[in-house]
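What follows is a short report on a single structure.
The values are calculated or read from the model by the stated rules, or taken from the named source; none is laboratory data. All values derive from a computational prediction rather than experimental measurement. Here the Cβ is made from the backbone with ideal geometry for all residues, glycine too, and neighbour counts use every protein chain on show.
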Amino acid sequence: MSNIANNNITPGETVGVDWDSLLRTAKERLASGFSYAGDITPGEAWQILADDTSAVLVDVRTDAEWNFVGVPELDSLGKKPLLMSWQRYPDMSQNQEFASDLAGAGVPRSVPVLFICRSGARSASAAEHCTAEGFTNCYNVIEGFEGVPDADKHRGKISGWKMRALPWVQG
């Protein structure tokens, strides 16, 4: 089994990617009713970011989450995540300017845009919205930054960017 399939890609490591297979699998994971490009694992997101200089990671969580939980760290790839809330804290109302803010941040509509949140729910909504707004390569990072909670209701132990030992920093 490949490093990508195992989500076992170390920072800075480059492995050959069968892009057709990765994109087909991402599309196959997509839940019924969604039209964005596909769902990718945190390891696949890392590989796309490492291999495609134009790919962008957009963290759609809130200021509180970025400051107290942490953010993906992409320095070894020569990149920074774009921090842009899909929902506004504390009332969690949708950011109505999200797609225009993304374009205003200089993200071209044709590049791979990888959306990540806590667990993959808000990022799926952001990917769907941006696809409808003309961004053509939107992906949702399934598992998100922290993943699902364990039996003790703690996140980051079963799945997610952090659990997969991908680089991150705390506030």
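General remarks:
- Test for residue 126: is it of a type in the set (Gly, Ala, Ser), crowded, with 19+ Cβ neighbours inside 10 Å and either out of contact with any Gly (no Cβ under 9 Å at 6 or more places or on another chain) or at pLDDT 95 or above (or both): yes
- Summed over region 118-158, residues that are in contact (Cβ under 8 Å) with a residue 60 or more places away in the chain and of a type in the set (Ser, Thr, Tyr) total 4.
- Of the criteria (1) over 15 Å from the mean Cα position of the chain (by Cα); (2) under 17 Å from residue 138 (Cβ atoms); (3) without any contact (Cβ under 8 Å) to a residue 24 or more places away in the chain, which one residue 93 fails: (2)
- Scan of region 97-139 for residues that are farther than 14 Å from residue 39 by Cβ and aliphatic (A, V, I, L, M), ordered by number: 99, 102, 103, 105, 107, 111, 132
- Restricting region 17-49 to residues that are part of a loop (DSSP other than H, G, I, E, B) and of a type in the set (A, V, I, L, M), the residue that is farthest from residue 130 (Cα to Cα): 17
- Within region 38-54, residues that are surrounded by fewer than 22 Cβ atoms within 10 Å (Cβ to Cβ) have Cβ atoms under 7 Å from residues that are among the small types (Gly, Ala, Ser) and outside any loop (DSSP other than H, G, I, E, B) in these pairs: 38/26, counting only partners at least 6 apart in sequence or on another chain.
- The one condition in (1) more than 18 Å from the chain's Cα centre (by Cα); (2) surrounded by 18 or more Cβ atoms within 10 Å (Cβ to Cβ) that residue 100 fails to fulfil: (2)
- Residue list for region 129-159, filter: on the phi > 0 side of the Ramachandran plot and either in contact with a His (Cβ under 7 Å, 6 or more places away or on another chain) or crowded, with 24+ Cβ neighbours inside 10 Å (or both): 143, 144
- Set 105, 127, 121: member being small (Gly, Ala, Ser) and out of contact with any strand residue (DSSP E or B) (no Cβ under 7 Å at 6 or more places or on another chain): 121
- Residue satisfying all of: in region 22-37; exposed (fewer than 12 other Cβ atoms within 10 Å of the Cβ) and among the polar types (S, T, N, Q); modelled with the highest pLDDT among these: 35
- As a summary of the residue check, residue 151 satisfies the conditions (1) in contact with a Cys (Cβ under 9 Å, 6 or more places away or on another chain); (2) part of a loop (DSSP other than H, G, I, E, B) except for the one numbered (1).
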